[in-house]
2 protein chains.
Amino acid sequence: MNASATSDLPIGVFDSGVGGLTVLHAIREALSNEDLVYLGDTARLPYGTKSPASICRYASQATARLQEQGVKLLVVACNTASAVALDTLRRQMDPVPVVGVVEPGAAAAVERHPGGKHLVLATEATVILGAYRAAISGRDPEADVRELACELLVSLAEEGWTSGAIAEGIVSRYLEPLAEMAFEPDNVILGCTHFPLLRNAIERVVPDGTSIVDSASTTAAVAGHLLAERGLLNEQTSAGQLRLLATDGATRFARVGGQFLGDHLEATDIELVDL
Amino acid sequence: MNASATSDLPIGVFDSGVGGLTVLHAIREALSNEDLVYLGDTARLPYGTKSPASICRYASQATARLQEQGVKLLVVACNTASAVALDTLRRQMDPVPVVGVVEPGAAAAVERHPGGKHLVLATEATVILGAYRAAISGRDPEADVRELACELLVSLAEEGWTSGAIAEGIVSRYLEPLAEMAFEPDNVILGCTHFPLLRNAIERVVPDGTSIVDSASTTAAVAGHLLAERGLLNEQTSAGQLRLLATDGATRFARVGGQFLGDHLEATDIELVDL
């Protein structure tokens, strides 16, 4: 099935949970003709605290599920899986292309501010993996990269408290050490799929003129380029169909995921699958 | 080994992660002569999003590990496991007694305010299970029980931001619906092992005179009574020894767990075990 990828196949999007729905949302905005199938491995989240071997195994099982039904592109909308399992998944999906969320964000940051100062906001697991630092420094050795673990922003996004005094207070507190170090970033990179929901709160806290690199929209742009290059864009204007698969917890997926997708979801919109 | 429980055996404490260290801390305060062995199943947390069958299996495996080395009492310092797996674990440990965290908190709340209004602050998973509501209503059919899911308080405690404007702002926001419903609780029950760390912030937000029921200290008290009843208190005044076992992530366990235990921990203080 891999070899016969055609333009009418859906794009597959995989994440450990609901966070990747911000990436799905960005893809829908950018590529409204595309059919999409999303798989959230909610039974086994969070991936960030698992060993690399477990992450590769889980990601590979999820990928196999999407591969089975046929996709023309796989988007790995999970920072941990992008950092740890991308090579494994590329071998598995070959010749179907695989896009992670780290590289597009890093590339966009370097393009906007070559030799610049980059602040990556991410989860503790992503910071420990150092994937953004490696991806940015690999493209631009002059770049000055700082990474900040902002765990509370994940819960804040899931709770839907994305604006107002609490959200801005938490963002400010995370940024305090930068002011002490006199580090003024050119770019702030949203290095967790949950953080695009907090973009407005973050923009209100960082100094005017700081650019925000959102790895959801940069990943959607890369997916679009890649499909265009290979002649795989869907030219049919039948509205893009969306299937949502999860490995557990349809009710919570619908409630929290609806905010991430920017759309109302019911538990019955989610198909539960075993991996 | 179960049948030969003697006073010099340690008390076993089991949790899905580090939260149960608040219970361990309370037991150390109340029973300073006792040796303690703690097992945090950090590789498989959170339990709250897992199916009841999986929770029972995980809890049973963790319990077997503590059983193997010999304990005179098992404390299940995890609300989810207490709500779902207590009967399974009691059968497994029999005749060694097993104490969960839900019953002691519910009993203390009813004792303080018979026929009273009880507000349970917990995780979403505990609220969905309704274990505190059932335990309180089972003891006192006149009781008026409300449960509030406060997910962000978990991350707040793990981040160590336990006092100040952000903590109080978040607690206040969670309590807003109560004011709208004109529900004035007699008791606020800390129905998550993380929440004793936020006790001061919670006390500053709730009306004066509201009593706080901390399931960590109520569980420690019940453990003490139970050992005394069975003549199993350790009378030796050699300081209580503490062993900490975890299934993953010794570094994070030490950093976050140290705050919960109220003691400095190094990663080398944690023994990693496979279940």
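The values are calculated or read from the model by the stated rules, or taken from the named source; none is laboratory data. Since the structure is predicted, the reported quantities are computational estimates derived from the model, not experimental observations. Positions of Cβ are backbone-derived with ideal geometry, glycine not excepted, and every protein chain shown enters the neighbour counts.
Scanning region B:27-39 for residues that are in a helix (DSSP H, G or I) and under 22 Å from B:A267 (Cα atoms) yields a single hit, B:R28. Filtering region A:106-123 for residues that are more than 13 Å from chain B (Cβ to nearest Cβ), buried (at least 22 other Cβ atoms within 10 Å of the Cβ) and not aliphatic (A, V, I, L, M) leaves a non-empty set.
It is to be established whether one or more residues within region A:211-228 are free of Cβ contacts under 8 Å to residues at least 24 places away in the same chain and of a type outside the set (K, R). Steps first, please.
Keep residues of region A:211-228 that are free of Cβ contacts under 8 Å to residues at least 24 places away in the same chain, which gives A:225, A:228.
If we keep only those that are of a type outside the set (K, R) as well, we get A:225, A:228.
Within region A:211-228 (the criterion being free of Cβ contacts under 8 Å to residues at least 24 places away in the same chain and of a type outside the set (K, R)), the answer is yes, since at least one residue qualifies.
For region A:57-116, a tally of residues being at positive phi and either under 19 Å from the mean Cα position of the chain (by Cα) or assigned by TED's automatic domain parsing to the domain that holds A:I27 (or both) returns 1.
Among residues of region A:45-76 being touching a strand residue (DSSP E or B) at 6+ places or on another chain (Cβ under 7 Å) and part of a loop (DSSP other than H, G, I, E, B), the one that is nearest to B:G17 (Cα to Cα) is A:V71. Within region A:88-121, the set of residues being assigned to a helix (DSSP H, G or I) and in contact with a Cys (Cβ under 9 Å, 6 or more places away or on another chain) comprises A:T88, A:L89.
In this structure, is A:R44 basic (K, R), more than 14 Å from chain B (Cβ to nearest Cβ), within 25 Å of A:G258 (Cα to Cα) and touching a residue at least 40 places away in the same chain (Cβ under 8 Å)? Give the derivation first.
Numbers: basic (K, R): yes; more than 14 Å from chain B (Cβ to nearest Cβ): no; within 25 Å of A:G258 (Cα to Cα): yes; touching a residue at least 40 places away in the same chain (Cβ under 8 Å): yes.
No.
Restricted to region A:40-71, and to residues there that are charged (D, E, K, R) and touching a helix residue (DSSP H, G or I) at 6+ places or on another chain (Cβ under 7 Å), the residue that is modelled with the highest pLDDT is A:D41.
Against the test of being touching a strand residue (DSSP E or B) at 6+ places or on another chain (Cβ under 9 Å), in contact (Cβ under 8 Å) with a residue 60 or more places away in the chain, outside the structural domain of B:H25 (by TED's automatic domain parsing) and β-branched (V, I, T), the options B:I202, B:I128 yield a single qualifying residue, B:I202. Going through (1) in a loop (DSSP other than H, G, I, E, B); (2) touching a strand residue (DSSP E or B) at 6+ places or on another chain (Cβ under 6 Å); (3) more than 27 Å from A:D274 (Cα to Cα) one by one, B:T42 falls short only on (3). Scanning region A:230-275 for residues that are within 20 Å of A:Q67 (Cα to Cα), of a type in the set (V, I, T) and crowded, with 20+ Cβ neighbours inside 10 Å returns A:T247, A:I270.
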